[in-house]
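K.L.:
This is the structure, below, for whatever I ask next.
Readers should treat all values here as calculations from the given coordinates under stated rules, not as data from a laboratory. On a predicted model such as this, the values are computed, not experimentally measured, just so you know. Backbone-built Cβ (ideal geometry, glycine too); neighbour counts: all protein chains shown.
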Amino acid sequence: MARRSTKTPPPEAFEERILDIDVVDEMQGSFLEYAYSVIYSRALPDARDGMKPVHRRIVYQMNEMGLRPDRGYVKCARVVGEVMGKLHPHGDASIYDALVRMAQPFSMRLPLVDGHGNFGSLGNDDPPAAMRYTECRMADATGLMTESIDEDTVDFQSNYDGQEREPVALPAAYPNLLVNGASGIAVGMATNMPPHNLSEVVAAARHLIRHPNADLETLMRHVPGPDLPTGGRIVGLNGIRDAYETGRGTFKIRATVSVETVTARRKGLVVTELPFTVGPEKVVAKIKDLVGSKKLQGIADVKDLTDREHGLRLVIEVKNGFIPEAVLEQLYKLTPMEESFGINNVALVDGQPLTLGLKELLEVYLDHRFDVVRRRSEFRRGKRRDRLHLVEGLLVALVDIDEVIRLIRSSENSAQAKERLIERFSLSEVQTQYILDTPLRRLTKFDRIELEAERDRLTSEIEELTRILDSDAELRKLVSSELASVAKKFGTPRRTVLLESAGAPAPAASLQVADDPCRVLLSSTGLLARTATAEPLAVGEGRRSKHDVVVSAVLATQRGEVGAVTSTGRLLRLPVIDLPQLPDTAAEPNLAGGAQLAEFLSLEADEDVVCLTTLDESSPGLALGTLQGVVKRVVPDYPSNKDELEVIALRDGDRIVGGTELRTGEEDLVFIASDAQLLRYPASQVRPQGRAAGGMAGIKLAQGSSVVSFTAVDPASDAVVFTVAGSQGTLDDGPTTAKLTPFDQYPRKGRATGGVRCQRFLKGEDLLVLAWAGAAPARAAQKNGSPAQLPEPDPRRDGSGTPLTSPVAVVAGPAG
């Protein structure tokens with residue numbers, strides 16, 4: 001059996017060709033080809049329409065797909081697929097990234113894509129959803145970029161495989177490069193252009209149309225600086241001036257921040273606008289890193305409260321004792337809340353990358369727009385001339401329609417009919433063919449009138465277009481008016497504030513609040529606040545506002561502490577710096593800007609704050625009076641290591657009714673009992689006792705009576721006694737009578753005696769429901785803090801009262 005040979009036949013002889021190429025020349029050539037491709041096909045925008053090839057292809061393809069603003073949304077994946085398959089020889093990721101940016105209102109001043117879905121967040125903290133989930137269509141302003149593109153306004157070129165056509169540049173009815181800016185990194189060069197305000201750019205372009213020789217200073221009156229989509233504040237305008245002149249410059253962008261009271265106890269910095277391309281997550285992370293490394297002081301908490309309804313809101317809570325403005329300066333210095341933006345206006349002009357100033361950018365755009373409008377006018381004039389030619393031929397036929405019909409009917413075929421009509425009526429071949437194609441129903445008398453009107457309209461439009469094409473002034477005027485209409489329709493107010501300078505920064509030494517003297521105030525409705533200075537608050541004679549009765553006021557320092565004495569005999573420490581500060585302009589004691597006691601102190605259900613006191617151990621001490629008539633002067637001994645102290649040992653069922661810090665020790669202590677007995681005696685009759693003592697007898701009470709009021713009054717001051725009488729069964733809302741009497745009408749008596757009568761009861765009255773003695777003028781308030789009217793002074797010590805015009809819940813003297 002024969003075997004088949006398995007040997008491979010020898011290869012045919014071939015001619016060997018080896019080219020020796022210098023590796024330096026090969027690398028140089030390859031690099032230049034790569035650089036050329038990156039510069040011209042990917043990274044740099046065209047100065048005419050302000051678009052890179054990928055953006056231009058997206059807009060053009062969306063226009064070809066009919067994705068106009070009045071149409072429904074389509075999947076972004078469909079748009080990306082159409083662009084990639086027909087025009088863009090790169091991957092889908094680069095196309096979708098470009099489409100996403102065109103839909104982000106925080107990236108573009110005038111977005112070109114109307115997106116539906118998650119298109120990312122500021123700073124890219126939240127990346128956009130995949131293109132299979134998001135939808136898009138052209139934005140309202142995008143139609144201006146492709147307007148009249150089908151009227152031979154721009155040149156077209158073949159796509160990457162020669163099967164499709166794409167525009168070299170879009171018609172661009174507004175200066176997109178200046179309005180939306182651009183950024184890109186090419187080989188050996190880069191571009192970074194900030195967005196501007198459409199109305200301002202159009203105003204500068206129109207001025208340049210009217211005055212081609214305008215200088216930069218004049219143009220900058222219309223375009224003073226960039227207008228960023230995220231707002232913010234541009235600090236320092238010298239860099240902008242350099243960029244507009246040379247194409248290169250640097251400026252700083254600051255966040256927009258306001259100082260607000262974010263909680264009852266703290267002020268905060270509320271950020272509503274961040275620098276361009278900076279997101280809140282980046283700022284929050286940087287602040288937390290700086291606080292953790294102890295490089296930034298004064299920050300208590302950072303909260304990102306940004307939402308779709310209210311927009312950006314970043315709340316930075318400032319610790320008590322730190323000046324918010326000084327903390328803000330540190331944030332500008334150390335965090336992305338202040339960023340630098342380097343302008344580098346590099347764009348393609350006639351295929352060449354050039355660095356352009358403001359005037360050059362406007363000139364390149366206007367030259368392009370002049371060319372677009374000129375070509376559009378020529379195209380429209382040609383179309384109207386062609387139509388007018390047909391209309392005139394049809395009108396000739398209508399004049400002798402019977403002869404036309406006769407010639408057509410007597411002809412052997414259409415070719416003969418065409419020849420006979422041309423010869424008979426001196427028509428062109430195009431006119432004759434149009435007449436033969438026109439149905440008989442178009443040859444009525446009414447249609448002739450319509451054709452004559454159309455002829456006149458076409459003639460007028462051709463004359464208008466010819467006038468535009470023959471006159472450069474008319475062309476410039478038309479371009480200017482079209483730009484004005486665009487600005488009127490799509491222009492928006494400026495968002496970015498321009499500042500010549502940031503002002504002098506706060507010195508580092510003033511970061512914390514100075515330990516200056518102040519006053520701590522407690523109002524009748526339980527509001528706490530501190531003043532900016534230690535000066536006493538003035539008492540105005542005009543209309544008083546809510547919460548204007550201050551029941552206790554003590555001197556303190558901004559970084560010190562005061563004590564709050566409660567009805568159960570406790571003294572609680574209270575840091576002054578935690579309290580909200582009243583405005584310096586407060587003309588009256590008005591604590592409407594204060595905070596409730598519950599924000600600072602934990603009180604029991606039946607416990608109230610009786611008074612405030614300093615913790616100065618050199619003072620004469622506290623004077624306390626209880627419900628059962630006990631009086632006590634407390635030795636000022638307040639250990640700094642305790643936040644809660646006991647200042648009196650109360651008997652069962654007893655509680656503190658009133659308390660005050662003695663200023664001189666020469667004051668008179670005043671008890672007023674429910675049976676209308678008033679006892680006044682010098683404070684020197686009460687021996688100071690330690691904090692654990694239970695006090696001594698202060699007033700001798702009758703059977704069934706109790707203490708209504710305990711105060712300390714300077715005998716040398718102008719003081720008054722105010723009492724309100726009522727009945728046991730109607731303590732809250734029954735009929736009451738009140739009496740206001742000068743304090744000097746009541747004589748001094750000994751301690752632990754019964755005192756003298758201070759008001760005579762009328763029929764139906766059996767006790768005092770309210771009483772107070774203190775410095776004049778007295779100020780009264782209702783339960784909600786609203787002002788209450790006091791009766792006229794009565795010189796009688798034991799006279800009866802007069803009816804009140806409004807219910808009184810509390811009475812106090814001057815706030816100082």
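K.L.:
May I ask you to compute the full-extension gain from residue 763 to residue 189, defined as 0.36 nm times their residue separation minus their alpha-carbon distance, rounded to one decimal in nm?
P.N.:
Net length gain for the segment: 196.7 nm.
K.L.:
Moving on to the next point. If you take the charge dipole of the chain about its Cα centre, with +1 on Lys and Arg Cβ and -1 on Asp and Glu Cβ, which of 293, 432, 598 is farthest toward its positive end?
P.N.:
With unit charges placed on the Cβ atoms, the residue in question is 598.
K.L.:
Sticking with this one: Counting only the backbone N, which residues of the range 128-166 are under 18 Å from the spot 7 Å out from the Cα of residue 383 toward its beta-carbon?
P.N.:
Residues 143-156 qualify, since their backbone N sits under 18 Å from the label point.
K.L.:
Given an 8 Å cut-off on Cα distances and at least 6 residues of separation, report the relative contact order of the chain as a percent. Intermediate results must be reported in sequence, preceding the final value.
P.N.:
Values: 1680 pairs, mean separation 72.7, N = 816.
In percent, rounded to a whole number, it is 9.
K.L.:
Enumerate the aspartates and glutamates that residue 86 could reach by cross-link, defined here as Cα to Cα under 15 Å, with residues fewer than 8 away along the same chain left out.
P.N.:
Excluding near neighbours in sequence, the set is 64, 161, 164, 166.
K.L.:
Working from Cα positions, state the angle (0 to 90°, nearest 10) between the long axis of helix 92-103 and the longest principal axis of the chain.
P.N.:
60 degrees
K.L.:
Tell me what the chain gives for mean residue ellipticity at 222 nm when only DSSP H runs of n ≥ 4 count, each as -39,500 (n - 2.57), the sum divided by the residue total, rounded to 500 deg cm²/dmol.
P.N.:
-9000 deg cm²/dmol
K.L.:
Under 30 Å Cα-Cα from residue 288, which lysines qualify once same-chain neighbours fewer than 8 residues away are excluded?
P.N.:
Once the sequence-local lysines are set aside, what remains near residue 288 is 252, 267, 303, 319, 333.
K.L.:
So if R0 is 22 Å, what FRET efficiency would residue 248 and residue 31 give, r being the distance between their Cβ atoms, rounded to the nearest 0.05? Numbers along the way, then the final one.
P.N.:
On the way: r = 26 Å, r/R0 = 1.16.
Rounded to the nearest 0.05, the efficiency is 0.30.
K.L.:
Along the Cα→Cβ direction, 7 angstrom out, place labels at residue 716 and residue 429. What is the inter-label distance in nm?
P.N.:
12.5 nm
K.L.:
May I pose another question? Report, please, the projected area of the range 256-336 averaged over directions, based on the convex hull of its C-alpha atoms, in nm².
P.N.:
Taking a quarter of the hull surface, the average projection is 5.2 nm².
K.L.:
Hey, fewest Cβ within 10 Å first, where do 656, 39, 468 land in order?
P.N.:
Details: 656 26, 39 20, 468 23.
With the fewest neighbours first, 656, 39, 468 line up as 39, 468, 656.
K.L.:
Also, I was wondering about something else. If we count other beta carbons within 10 Å of each Cβ, what is the order of 86, 763, 295, fewest first? All intermediate terms of the calculation are to be shown ahead of the outcome.
P.N.:
Working: 86 18, 763 5, 295 10.
Final ranking by Cβ density, sparse to dense: 763, 295, 86.
K.L.:
Given a Förster distance of 25 angstrom, what is the FRET efficiency for residue 559 paired with residue 533, based on the Cβ-Cβ distance and rounded to 0.05?
P.N.:
On the way: r = 15 Å, r/R0 = 0.59.
About 0.95, to the nearest 0.05.
K.L.:
Right, next: Which entry in (1) 89, 37, 24; (2) 59, 39, 23; (3) 60, 40, 27 matches semi-axes √(5λ) of the Cα gyration tensor in Å derived from the coordinates of this structure?
P.N.:
(1)
K.L.:
At residue 470 and residue 97, where each label point lies 7 Å from the Cα along Cα→Cβ, what is the point-to-point distance in nanometres?
P.N.:
Taking the simple label geometry, residue 470 and residue 97 are separated by 5.4 nm.
K.L.:
Hey, for a label at residue 159 modelled as a point 7 Å past Cα toward Cβ, could you say which residues of the range 84-104 have their backbone N under 15 Å away?
P.N.:
Under 15 Å, as judged by backbone N against the label point of residue 159, lie 84-92, 95 of the range 84-104.
K.L.:
Right, another one. Please give the contour-minus-distance gain from residue 644 to residue 666: 0.36 nm per residue of separation, less the Cα-Cα distance, rounded to one decimal in nm. Let's see the in-between values first.
P.N.:
On the way: separation 22, 0.36 × 22 = 7.92 nm, distance 2.85 nm.
Working it through step by step, the gained length comes to 5.1 nm.
K.L.:
Placing unit charges on C-beta atoms (Lys and Arg positive, Asp and Glu negative, everything else neutral), compute the dipole magnitude of the chain about its Cα centre in debye, rounded to 20.
P.N.:
Details: 98 positive and 113 negative charges, 376 e Å.
Dipole magnitude for the chain comes out near 1800 debye.
K.L.:
Using the 10 angstrom Cβ neighbour count as an exposure proxy, how do 96, 365, 434, 73 rank, fewest first?
P.N.:
Final ranking by Cβ density, sparse to dense: 73, 434, 96, 365.
K.L.:
Then there's this: Using each residue's phi in the range 794-809, evaluate 6.51 cos²θ - 1.76 cosθ + 1.60 at θ = phi - 60° and report the 3J(HN,Hα) Karplus result to the nearest Hz, with x for Gly and Pro.
P.N.:
Calculated HN-Hα couplings, in order: 10, x, 6, 5, 10, x, 7, x, 10, x, 7, 7, 8, x, 10, 10 Hz.
K.L.:
Gap in Å between the Cα centre of the range 150-197 and the Cα centre of the range 743-784?
P.N.:
Going from one Cα centre to the other spans 88 Å.
K.L.:
Could you go through the range 476-488 in sequence order and give the Karplus-derived ³J(HN,Hα) for each residue, using 6.51 cos²θ - 1.76 cosθ + 1.60 with θ = phi - 60°, rounded to whole Hz, and x for Gly and Pro?
P.N.:
5, 5, 5, 4, 5, 5, 5, 5, 5, 5, 5, 5, 5
K.L.:
I've got another one for you. Which one of 698, 493, 262 has its Cα pushed farthest toward the positive end of the charge dipole of the chain, where Lys and Arg give +1 and Asp and Glu give -1 at the Cβ?
P.N.:
Farthest along the dipole direction, towards plus: 698.
K.L.:
Related question: Considering the alpha-carbon set of the range 694-788 alone, what are its Rg and its Dmax in angstrom?
P.N.:
14.4, 39
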